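Following: one structure in structure tokens, then a few remarks.
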Amino acid sequence: MRFLGIGDYCDLGALYLRLIEEGHEVKVFIGNPLCQGTLAGLVAQASEWRDELEWIRAAGREGILLFENVAKNRGALQDDLRKQGFWVIGGSAYGDRLENDRAYAQQVLSAAGLPTARVWEFGHREGALDFLDRHPGRYVLKFNGPDAAIDNYVGRLADGRDVRAYLRKVAHPETLAASLVLMEYLDGVEMGVGAYFDGEKFLRPACLDWEHKRFFPGDLGELTGEMGTVATYARSARFFECTLGRMEHLLLDQRHCGYVNLNTIVNEDGVWPLEFTCRFGYPGFAILTPLQKTSWGELLAAMVHRSMGGFETLPGFSVGVVLTTPPFPYPRFQVEEPVGLPVLFDGELTDEDRRNLHYCEVGLEDAELVTSGIYGWAMVATGVGESISAAQQRANRLADRVLIPNIRYRRDIGERLMAGDLARVESLDLLDPTW
């Protein structure tokens with residue numbers, strides 16, 4: 001099969017490498033010049049993705065376009081390419097809006113019968129500041145758009161003074177040009193549910209995930225894109241059917257094709273949906289990879305050709321640890337840091353080790369592996385086990401063998417889940433009966 005990846009940062013690098021290992025032809029277009037060293041020497045790069053369309057078309061049913069993100073109206077572009085007869089996986093204009101327009105997504109979820117937290121949308125910060133003056137309370141501040149996650153802020157004070165101060169003094173000027181929402185704070189366990197949608201239906205099973213977004217252990221520091229995740233395909237059907245499964249007919253109407261994830265807060269009052277991810281999120285797809293017995297090539301082909309109702313998975317948990325280097329969690333155009341740092345491993349890597357290392361912002365320079373890109377997302381180390389503890393230990397042991405100057409990562413991924421969050425979710429009767 002032939003695959004053409006299209007994006008700005010090469011977010012799906014680990015997926016492209018898996019496809020090459022399976023014997024497929026892969027090319028990738030990387031739009032951001034600062035990121036074009038990513039996967040250099042590992043995956044063929046296209047200087048202009050449109051020039052490769054005939055290469056894809058010549059493969060017939062075995063030529064697939066993979067879109068990485070929800071920026072630059074690429075969802076609408078994907079819809080148009082589908083009309084031209086191309087097989088496209090990634091998203092849709094509808095998916096882009098669900099992810100980028102948070103207030104709209106809450107309206108859609110409410111109409112689908114899901115309880116939603118109260119949300120107020122503002123076109124600029126002055127309106128939000130005026131609202132906070134008139135309605136003090138504890139809120140979560142979120143900016144609309146694909147690159148605003150690091151500027152989101154979870155309030156801690158009951159009168160909202162911290163959110164107000166942050167909005168006035170801290171958020172980056174470019175982010176403040178975006179629209180924003182204030183959402184009432186909900187106490188509970190944050191967990192996600194995700195599944196692959198083939199244009200008509202979700203492929204079963206769905207996954208459950210528990211992300212760790214704070215930079216430091218103990219959930220301290222900046223809100224990053226993600227520092228690690230616990231994921232499983234087990235016991236997911238009940239939770240899926242009462243949440244993401246309700247979106248199936250809406251995604252069918254829009255012929256969306258790609259991965260969809262719904263992040264939620266779970267507490268004794270119910271399941272509260274927060275936001276969508278309508279793309280292959282990094283590092284989520286990498287952390288799911290060790291749990292998928294069906295190969296990526298088979299799975300992606302099934303998505304565009306609607307040839308399977310489900311796919312094979314392994315039991316147990318996958319724990320993923322994100323390995324980062326400076327300037328993470330900030331981009332290089334905000335914080336100047338060196339790139340091209342050497343990437344070494346302590347001891348020889350076994351085939352199993354390699355299956356559990358998922359490259360992101362790395363490439364070859366003079367035949368040696370070095371860091372690359374714009375953010376400092378070097379790679380993800382995963383571990384799989386029947387228990388969260390076993391999976392965590394395997395992931396941490398592998399992460400400890402990756403040697404990069406100034407490497408940073410969390411070794412506590414899954415601790416809160418094991419300490420009580422998973423038991424709290426189970427007590428609410430939201431999961432299938434047995435592991």
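The values are calculated or read from the model by the stated rules, or taken from the named source; none is laboratory data. Note that this is a predicted model, so its numbers are computed, not measured. Cβ coordinates were reconstructed from backbone atoms using ideal geometry, including for glycine residues, and neighbour counts include every protein chain displayed. The accessibility values were calculated without ligands, DNA or RNA, using every heavy atom of the protein model including side chains. Shrake-Rupley method; radii C 1.70, N 1.55, O 1.52, S 1.80 Å.
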Q. Which is crowded, with 19+ Cβ neighbours inside 10 Å and either at pLDDT 95 or above or touching a Leu at 6+ places or on another chain (Cβ under 6 Å) (or both), of Arg397, Arg410?
A. Arg410
**Q.** Tally, over region 47-70, of residues that are of a type outside the set (Phe, Trp, Tyr) and buried (at least 18 other Cβ atoms within 10 Å of the Cβ)
**A.** 9
Q: Please go through region 347-368 and pick out each residue that is touching a strand residue (DSSP E or B) at 6+ places or on another chain (Cβ under 6 Å) and open to solvent by 30 Å² or more (accessible area, probe 1.4 Å).
A: Tyr359
Q: Tally the residues that are among the aliphatic types (A, V, I, L, M), within 20 Å of Cys10 (Cα to Cα) and in a strand (DSSP E or B), restricting the search to region 245-296.
A: 1
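Count, please, the residues in region 227-243 that happen to be touching a Gly at 6+ places or on another chain (Cβ under 6 Å) and hydrophobic (A, V, I, L, M, F, W, C).
Selection size over region 227-243: 1.
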Q: Check off (1) crowded, with 17+ Cβ neighbours inside 10 Å; (2) touching a helix residue (DSSP H, G or I) at 6+ places or on another chain (Cβ under 8 Å) for Leu250 and give me the number that stays unchecked.
A: (1)
**Q.** Residue identified as in a loop (DSSP other than H, G, I, E, B), within 29 Å of Asn152 (Cα to Cα) and in contact with a His (Cβ under 6 Å, 6 or more places away or on another chain) among Ile374, Ile413
**A.** Ile413
Q) Which one of Ala14, Ala71 is of a type outside the set (Ser, Thr, Tyr), farther than 17 Å from Val304 by Cα and in a helix (DSSP H, G or I)? A) Ala14
Q | Qualifying residues in region 289-333 (those that are buried (at least 18 other Cβ atoms within 10 Å of the Cβ) and among the β-branched types (Val, Ile, Thr)) - the one farthest from Gly385 (Cα to Cα) | A | Val304
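Could you tell me which residue of region 74-91 is surrounded by the fewest Cβ atoms within 10 Å (Cβ to Cβ), considering only residues that are of a type outside the set (A, V, I, L, M, F, W, C) and not in a loop (DSSP other than H, G, I, E, B)? Let's see the steps before the verdict.
As a first pass, look at region 74-91 and keep what is of a type outside the set (A, V, I, L, M, F, W, C): 74-75, 78-80, 82-85, 90-91.
Filter once more, keeping what is not in a loop (DSSP other than H, G, I, E, B): 74-75, 78-80, 82-83.
Numbers: Arg74: 23, Gly75: 28, Gln78: 26, Asp79: 20, Asp80: 12, Arg82: 17, Lys83: 10.
Ranking the qualifying residues of region 74-91, first place goes to Lys83.
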**Q.** Given (1) farther than 25 Å from Glu336 by Cβ; (2) open to solvent by less than 10 Å² (accessible area, probe 1.4 Å); (3) among the charged types (D, E, K, R), index of the condition Glu386 fails
**A.** (2)
**Q.** From Val339, Val425, residue being of a type outside the set (S, T, N, Q) and either more than 23 Å from Ala206 (Cβ to Cβ) or free of Cβ contacts under 8 Å to residues at least 60 places away in the same chain (or both)
**A.** Val339
Q: Identify, from the list Val343, Val321, Val362, the residue that is under 18 Å from the mean Cα position of the chain (by Cα) and at pLDDT 95 or above.
A: Val321
